[in-house]
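In what follows, a structure is listed as structure tokens, so that the remarks can point back to it.
The values are calculated or read from the model by the stated rules, or taken from the named source; none is laboratory data. Keep in mind the model is a prediction, meaning the values are calculated, not measured. Glycine gets a Cβ as well: all are built from the backbone with ideal geometry, and neighbour counts include every protein chain shown.
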Number of protein chains: 2
Amino acid sequence: MNFLEEKIITDGKIFNENILKVDGFLNHQIDMDIMRQIACEIKRRFKGVHVDKILTIEASGIAIAVTLANMYDVPVVFAKKSATVNSTDDKYVSEAYSFTRKTMNKVFVSKPYLHEGEDILIVDDFIADGQAANSLVEIVKQAGANIVGIGVAIEKGQQNGGKMLREKGFHVESIAIIDTMNVETQTVFFRRQ
Amino acid sequence: MNFLEEKIITDGKIFNENILKVDGFLNHQIDMDIMRQIACEIKRRFKGVHVDKILTIEASGIAIAVTLANMYDVPVVFAKKSATVNSTDDKYVSEAYSFTRKTMNKVFVSKPYLHEGEDILIVDDFIADGQAANSLVEIVKQAGANIVGIGVAIEKGQQNGGKMLREKGFHVESIAIIDTMNVETQTVFFRRQ
């Protein structure tokens, strides 16, 4: 087991077969030691890959993006969510369905912050159904930039987001991939990588 | 002029006497060089102050909080916003009026992440009317923790948030304090510190 799988075992809480709560160290309170290790490990897995910019989505992706960008010394761009924003001349806009809120969100990045030909590394804390990552992929395509990889802390392997993105040909790296969870025994089974 | 005042002059955009857009380097795209300098300068201004935890509010406060927490090597807690959350046994809840969205937001932190007696440094990207900072102050008080300071990148001195918090006795440090802005000449006047 790697450091993140160990942390999930000790500090994560399983609410049901689909919901893992890691807000004690990842997305409400942030354990900076774990955060630095996540960033180091993402950087290691994309060794040799050129990165111009790191793209994430508000809010909880920002912590990983900033820690990683500090190592690469490149800018972060975080996409914003809005229920109402319209496609305009000055924004790239896509959509993501939120399963937690059961609403369709618009996701946008202002045009001056993504350029044609730039090498973009997409990062986030979680990948589940892949809605958020997909909306970022869509935005990068609109900008004519290149997606050099997608790096996340935790992939919920029971859902299809990671699989779908890999099938599309993207280089996806997840530090921990959950295969199954058992709420009664509070056990998590990780995919061997 | 310090580094942030210079950056505001060169890259900020004044939309009217009250709206300064700095999303090219602070709260949409993030210039990591500026971000590190902001964190270093906040740390310098609170030299000798003991900090157990850094508290901010999603989303744009997270970047500064994480960069600073990386230097202090303490955890970050970011308060979450919700239109609907209710006061419960497991959350500290306060309120903040959003002038941009013209709505009252609930702001909350789960109880396990703030403890009685902890020394909390509150940080954010902006302070304007002080609604966000005030909601964090309220939450820290509910937890019985101590506010050792409030550090922000940019204070809008035309609004009263910073003044009000200083009058309440808090140690507030703002790297750049805007006194007035002129949209026609695109000039910004900073308060001498």
### Task
For the range B:36-64, name all the residues that are in a helix (DSSP H, G or I), without any contact (Cβ under 8 Å) to a residue 60 or more places away in the chain and more than 12 Å from chain A (Cβ to nearest Cβ).
B:Gln37, B:Cys40, B:Lys43, B:Arg44
### Task
Take A:Thr88 and decide whether it is β-branched (Val, Ile, Thr), over 17 Å from the mean Cα position of the chain (by Cα), farther than 22 Å from A:Asn27 by Cβ and within 12 Å of another protein chain (Cβ to nearest Cβ).
no
### Summary
Checked the range B:134-191 for anything touching an Asp or Glu at 6+ places or on another chain (Cβ under 7 Å) and among the aromatic types (Phe, Trp, Tyr); matches are B:Phe189, B:Phe190
### Task
Collect the residues in the range B:1-30 that are surrounded by fewer than 18 Cβ atoms within 10 Å (Cβ to Cβ) and within 22 Å of A:Ala69 (Cβ to Cβ), keeping them in residue-number order.
B:Phe3, B:Glu6, B:Thr10, B:Asp11, B:Lys21
### Residue check for A:Asp33: in a loop (DSSP other than H, G, I, E, B) and either surrounded by fewer than 14 Cβ atoms within 10 Å (Cβ to Cβ) or free of Cβ contacts under 8 Å to residues at least 60 places away in the same chain (or both)
no
### Query
Which is within 13 Å of chain A (Cβ to nearest Cβ), crowded, with 22+ Cβ neighbours inside 10 Å, under 20 Å from B:Leu165 (Cα atoms) and out of contact with any Pro (no Cβ under 8 Å at 6 or more places or on another chain), of B:Val107, B:Val76?
B:Val107
### Query
Does B:Glu95 fit the bill of being at pLDDT below 95, out of contact with any Phe, Trp or Tyr (no Cβ under 9 Å at 6 or more places or on another chain) and over 21 Å from B:Lys21 (Cβ atoms)?
yes
### Residues of the range B:91-135 classified as over 24 Å from B:Asn27 (Cβ atoms) and hydrophobic (A, V, I, L, M, F, W, C), total
2
### Task
Please work out if B:Thr67 is facing chain A (nearest Cβ under 10 Å), out of contact with any Asp or Glu (no Cβ under 8 Å at 6 or more places or on another chain) and under 30 Å from A:Asp90 (Cα atoms).
yes
### Task
Report yes if B:His50 is exposed (fewer than 14 other Cβ atoms within 10 Å of the Cβ) and closer than 17 Å to B:Ile150 by Cα, otherwise no.
yes
### Query
Consider B:Glu116 against the criteria (1) at pLDDT below 95; (2) among the acidic types (Asp, Glu); (3) exposed (fewer than 12 other Cβ atoms within 10 Å of the Cβ): it satisfies all of them except one. Which criterion is unmet?
(1)
